[in-house]
Amino acid sequence: MDYSGFKVLVMGLGLHGGGLESARFLLKRGASLTVTDLRDEKTLIPTIEQLDTTCAEYGREKIRYILGRHEIEDFKNADVVIKNPAVRPDSPFLQAAKKIETDISLFLSESKAKLFAVTGSKGKSSAAAALFRILGKSSSGKTFLGGNITVSPLSFIDDLENNDNVVLELSSFQLGDLKGRKTPDGKALLKPFASILTAIMPDHLDRYVSMEEYVDDKRNIYRGQDSGCVTIAGDCPWGKSFLSETNARPLVYSRSPLGKNQSGGWLENEKGYARFLKWEGFPEETAELVPQKLLVKGNHQKLNLLAAALAAYANGAEAEKIRNALADFNGIEHRLELFREANGICFYNDSAATIPQAAAACIEALKCGHPLVLVTGGTDKNLDFSALTEAASGARALILLAGTGSEKLASLLSVTGIKYSGPFDDLDKAVICAVEKAEDLKNNAGGCVNVALSPGCASFGMFLNEFDRGKKWKEAVMRLYRG
């Protein structure tokens, strides 16, 4: 679309590409921009410097900045407001807007590539990255990955061709922004060939009034699908509800073998299998999609890879190519990421574990075979910490970071008699404590020790976001532990 003559307001320049790429996209298409953000210029300077390169080509006079605040008149005067997904829909500034778009809606309006969409409370980034890898090794066209994984799809919109594939990781906020959106000819704006829903757990209950409201935004991932599409979900109660109401072909993934009339995938003998019943073009025999040996740890990750494998298999990828692609998939940053091994200590970055259940899954994945020192805690999102409390005994040492979530967790740990160190409001002190605990465990018991940051909480307070937290954790470990 040509935006020449349009006055567009970008609400939230941010640090992860959504606002930046929206601004670039619109400048290239002739719009005059106002960029507004509650953060100040000092915080946003890395993004501003990147945008300045585009401004130099398309005209610096076409952009103005309002930083450290929002002005209601800017919203009233704009033809279009580009919304950051973190902004609540009931914002009074958005209420003043004539038309609202996001970087995702702008992308979907122009893209002709085949779309694969992934959401969930936990596991969506791993599933999306695994699917991206499989499609890249099994499809004739190019494959791109974007969305909530911190890559705006607008960054590659101009490189797309019709036979390419796009994998989008979509958060509940991004999906909520797409609810009911239609193309000019009345079709659903979001209509992925395959939609994947990974594990659904309580999250963002500081923004949603209930789990039902939170999950309703997730449901938007398949609401535009039809019988030519596939919806892939787990065999939990939420997953069963998704599969029962989608208009697409339902595929279930499970930890145990499927019923005789079910199509989908399951885990058995540490491998992942698939079976499509009465699907034209697919054999009804069982196909092995996920190999026994993987570089990523934990059965929860194996389930995420199985979900991705089912989407690729439904797209026509050969089982052998899927297995080969997954065999050397080493995961992604901030998700059970092994980033250093030194002197018998393995350090993991699991900063994307932003809910208690995710930290509990980290304990389950890493406690086997070697003692575990867990650094956890942070800011609460009005969540229940019982899952993390129950799993905490699997760690030989617990170290808490400062925050409202840690305060809640500490109370529960005290009741159960589980000891902990901290809370620490200085990351260096937490790392030093973790190393001391690991060295003691190694000297007393021998063998290797795992040390993991898996907070189970939001990052706000001590860090800008979960990615900043993971980066600073890795930097502190590399700086303070020489091995």
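The values are calculated or read from the model by the stated rules, or taken from the named source; none is laboratory data. Nothing here was measured: the structure is a model prediction, and the numbers come from that model. Cβ atoms come from the backbone with ideal geometry, glycine included; neighbour counts cover every protein chain shown. Each accessible area value is taken on the protein alone, full model and side chains, heavy atoms only, with ligands, DNA and RNA left out. Shrake-Rupley method; radii C 1.70, N 1.55, O 1.52, S 1.80 Å.
Some notes on this structure:
- For region 389-483, the spread of Cα positions along each principal axis, largest first, Å: 35, 33, 17
- When the listed pairs 122/302; 179/278; 76/112; 122/367; 28/83 are checked against a 22 Å cut-off, the alpha-carbon distance exceeds it for 179/278; 76/112.
- Largest-first principal axis extents, alpha carbons of region 135-208, Å: 42, 33, 22
- Inter-label distance, nm, simple model (7 Å from Cα along the C-beta direction), residue 226/residue 88: 3.9 nm
- Per residue value of the accessible surface for region 59-169 (all protein chains in place, 1.4 Å probe), Å²: 41 Å²
- Viscosity 0.692 mPa s, 37 °C: Kirkwood-radius Stokes-Einstein D of region 145-185 over Cα pairs, µm²/s: 281 µm²/s
- Residue 112 paired with residue 299, simple spin-label distance in nm, labels 7 Å along Cα-to-beta-carbon: 4.7 nm
- In the calculated pair-distance distribution of region 303-413, the portion above 24 angstrom amounts to 38 percent of the Cα-Cα pairs.
- Gain in span if fully extended, residue 479 to residue 65, counting 0.36 nm per residue against the direct Cα distance: 145.3 nm
- Where only alpha carbons of region 331-373 are counted, the Rg and the Dmax (Å): 10.5, 31
- The residue list 119, 195, 423 was ranked by how far each Cα lies along the charge dipole of the chain toward its positive end, using unit charges on Cβ atoms, and 195 comes out on top.
- Applying the Kirkwood pairwise sum to the alpha-carbon positions of region 80-215 produces a hydrodynamic radius of 15.8 angstrom.
- Between region 431-483 and region 242-298, the C-alpha centres lie 36 angstrom from each other.
- All aspartates and glutamates inside 16 Å of residue 98 as judged from Cα atoms, apart from same-chain residues fewer than 8 positions distant: 71, 73, 74, 79, 90, 177
- Three-way shape label, region 8-124, alpha-carbon gyration tensor, a/c 1.5: rounded
- Charge dipole (debye, nearest 20) of the chain; +1 at Cβ of Lys and Arg, -1 at Cβ of Asp and Glu: 500 debye
- Accessible surface of the chain [probe 1.4 Å, protein heavy atoms]: carbon and sulfur percent: 48 percent
- Residue 426-residue 280 FRET efficiency (beta carbon distance; Förster radius 56 Å; 0.05 resolution): 0.40
- DSSP finds beta bridges in the chain, and of those with both partners inside it, around 25 percent are antiparallel.
- In Hz, Karplus ³J(HN,Hα) per residue of region 117-122 (6.51, -1.76, 1.60; θ = phi - 60°; x = Gly, Pro): 10, 10, 9, x, 7, 9
- All Cα pairs of region 188-326, percent lying beyond 18 Å: 55 percent
- Rounded FRET efficiency, nearest 0.05, which uses the C-beta distance separating residue 96 from residue 207 and R0 of 22 Å: 0.55
- Simple point charges give the picture: +1 on the Cβ of Lys and Arg, -1 on the Cβ of Asp and Glu, and for region 413-483 a dipole about the Cα centre of about 160 debye.
- Only Lys, Arg, Asp and Glu carry charge here, each on its Cβ (+1 for the first two, -1 for the last two); on that basis region 134-188 has a dipole of about 240 debye about its Cα centre.
- Estimated at the nearest 10 Å², the accessible area of residue 204 is 50 Å² with a 1.4 Å probe.
- Once you reduce region 27-50 and region 301-330 to the center of their Cα atoms, the two points are 39 Å from each other.
- Taking max minus min of the alpha-carbon positions on each principal axis, the chain gives extents of 71, 58, 39 Å, largest first.
- Nearest-10 value in Å² for the accessible area of residue 341, using the 1.4 Å probe: 130 Å²
- Based on Cα atoms of region 1-51, Rg over Rh with Rh as the Kirkwood radius reads 0.98.
- The calculated FRET efficiency for the pair residue 39 and residue 443, based on their C-beta separation and a Förster distance of 56 Å, comes to about 0.75.
- Amide N proximity, region 270-304 versus residue 320 label position 7 Å along Cα-to-Cβ, cut-off under 16 Å: 287-291
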